[in-house]
């Protein structure tokens, strides 16, 4: 079941290939569009009028507000020091704390970007393609690079 | 329909997992091989004798000539300033101009590379794995890094 | 057949979406968990108690020991100078030598990392998200960046 019954979809959500996504336990707002090969985990929230492009991974703890563009192949993170095991078994949810990430209204995240956990990407900010975001991004700022640095205080319109 | 009827496939195109790709409105040349979890959008053109490796996204406006290697998880781009919305609705095709990208004959693009729109990657050039290409790549050159810079004028054979 | 008959799975391997992976000719150890949109090629070996997260590509020649965490969208490589063609046809296995890569026990690889072929990632080492690893990583070290450099000699616990 690539779209699990636990998913709460708003009205008019466009998922053209429901057999090629993996969504469970998440909330997706009205009029949002989700591409192929996207995984969205439980306790992730996507707002209204967003585009979540193909090959993107949205993990638990990520909250995306309305009108956000997420490019292709974007990876979110919720664990700063991931390990496979704890106490001689695979780690379970009891073994780590989800570090939340927020993407605020109208922001855009370029394709191939990696978003470290614990950051807030400000309203209308623009994250360049391939950037690795390790700190908060101010509203309206343009960031790029590895690690991402502010390239411009205000995105051109 | 992961391979839409609008796709024009040449002879002897190898797609081992047609149920795990998303191809629509594109042209793919003879003898080309396409991996799993690949999306190729409408108005993208792939030449003959190419390898398009798994997890790669080829967007509208990308033109790939013959004998090109595209690694795994490569992301092409066609919009320099992507936004989710315009005029209080999701953006549609009327709201942006596709910026074309060309990959010329015999070039190779390493896995995980991100190719900004508007560039030309020259004949036989080699783009290093994980590079973010923001400018044209001369023929035969080797580029790498974020942003990609010329590492060598001529790829070793 | 997204999990080919040639795959040798250990006991208690968790693959929640067998229809959304592409595994062939590989070995996967007991109690390992494999996410959606993962491809693992022939002659790749995954140990016990590993997590191979969504969107990751593990190629031929990669050997992952026990208790290794591989994040989302991680790309392994086995060819330093990939080309699509040789002798006027698509390259076949006869045309290149697989360069092996080793990930040792207890290591963790962050999401979006790219691992160049021929490297060894040491025991318990931590590769930062989005890093491009081009050299060996010492045991216990933390590396990050493009190309990846040592950030700390010992990962915090």
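The values are calculated or read from the model by the stated rules, or taken from the named source; none is laboratory data. Keep in mind that this is a model prediction, so the values were computed, not measured. So basically every Cβ, Gly included, is an ideal-geometry build from the backbone, and we count neighbours across all protein chains shown.
Criterion first (under 15 Å from the mean Cα position of the chain (by Cα) and in a loop (DSSP other than H, G, I, E, B)) does residue C:79 satisfy it? So residue C:79 fits the description; yes. Among all residues of the stretch B:117-126, there is none that is crowded, with 24+ Cβ neighbours inside 10 Å and within 13 Å of chain A (Cβ to nearest Cβ).
For the stretch A:83-105, filtered to residues that are at pLDDT 95 or above and closer than 23 Å to residue A:147 by Cβ, the residue that is nearest to the other protein chains (Cβ to nearest Cβ) is A:83.
Filtering the stretch A:82-109 to residues that are part of a strand (DSSP E or B), within 11 Å of the chain's Cα centre (by Cα) and surrounded by fewer than 23 Cβ atoms within 10 Å (Cβ to Cβ) leaves only A:102. Here residue A:25 clears all of (1) crowded, with 16+ Cβ neighbours inside 10 Å; (2) under 16 Å from the mean Cα position of the chain (by Cα) except the condition numbered (1).
Does residue C:112 count as away from chain A (no Cβ under 14 Å), in a loop (DSSP other than H, G, I, E, B) and at positive phi? Here the answer is no, as residue C:112 does not meet what is asked. Test residue C:11 against the stated conditions and say whether it is within 14 Å of chain A (Cβ to nearest Cβ), surrounded by fewer than 15 Cβ atoms within 10 Å (Cβ to Cβ) and either in contact with a strand residue (DSSP E or B) (Cβ under 6 Å, 6 or more places away or on another chain) or assigned to a loop (DSSP other than H, G, I, E, B) (or both). It is true that residue C:11 is within 14 Å of chain A (Cβ to nearest Cβ), surrounded by fewer than 15 Cβ atoms within 10 Å (Cβ to Cβ) and either in contact with a strand residue (DSSP E or B) (Cβ under 6 Å, 6 or more places away or on another chain) or assigned to a loop (DSSP other than H, G, I, E, B) (or both).
No other residue among B:19, B:66 is on the phi < 0 side of the Ramachandran plot and part of a loop (DSSP other than H, G, I, E, B) apart from B:66.
For residue B:57, the stated conditions hold: it is closer than 19 Å to residue B:98 by Cβ and at the interface with another protein chain (Cβ under 8 Å from one of its Cβ atoms). Counting only residues that are touching a residue at least 40 places away in the same chain (Cβ under 8 Å) and either on the phi > 0 side of the Ramachandran plot or not in a loop (DSSP other than H, G, I, E, B) (or both), the stretch B:115-138 holds 1 of them. Being buried (at least 24 other Cβ atoms within 10 Å of the Cβ), within 14 Å of chain B (Cβ to nearest Cβ) and either more than 12 Å from the chain's Cα centre (by Cα) or farther than 18 Å from residue C:110 by Cα (or both) is a property that residue A:74 lacks.
Under the condition of being assigned to a strand (DSSP E or B) and either over 28 Å from residue A:17 (Cβ atoms) or more than 10 Å from chain A (Cβ to nearest Cβ) (or both), the residues counted in the stretch C:25-52 number 7. Considering the stretch A:139-157, and only residues there that are surrounded by fewer than 16 Cβ atoms within 10 Å (Cβ to Cβ) and part of a loop (DSSP other than H, G, I, E, B), the residue that is modelled with the highest pLDDT turns out to be A:153.
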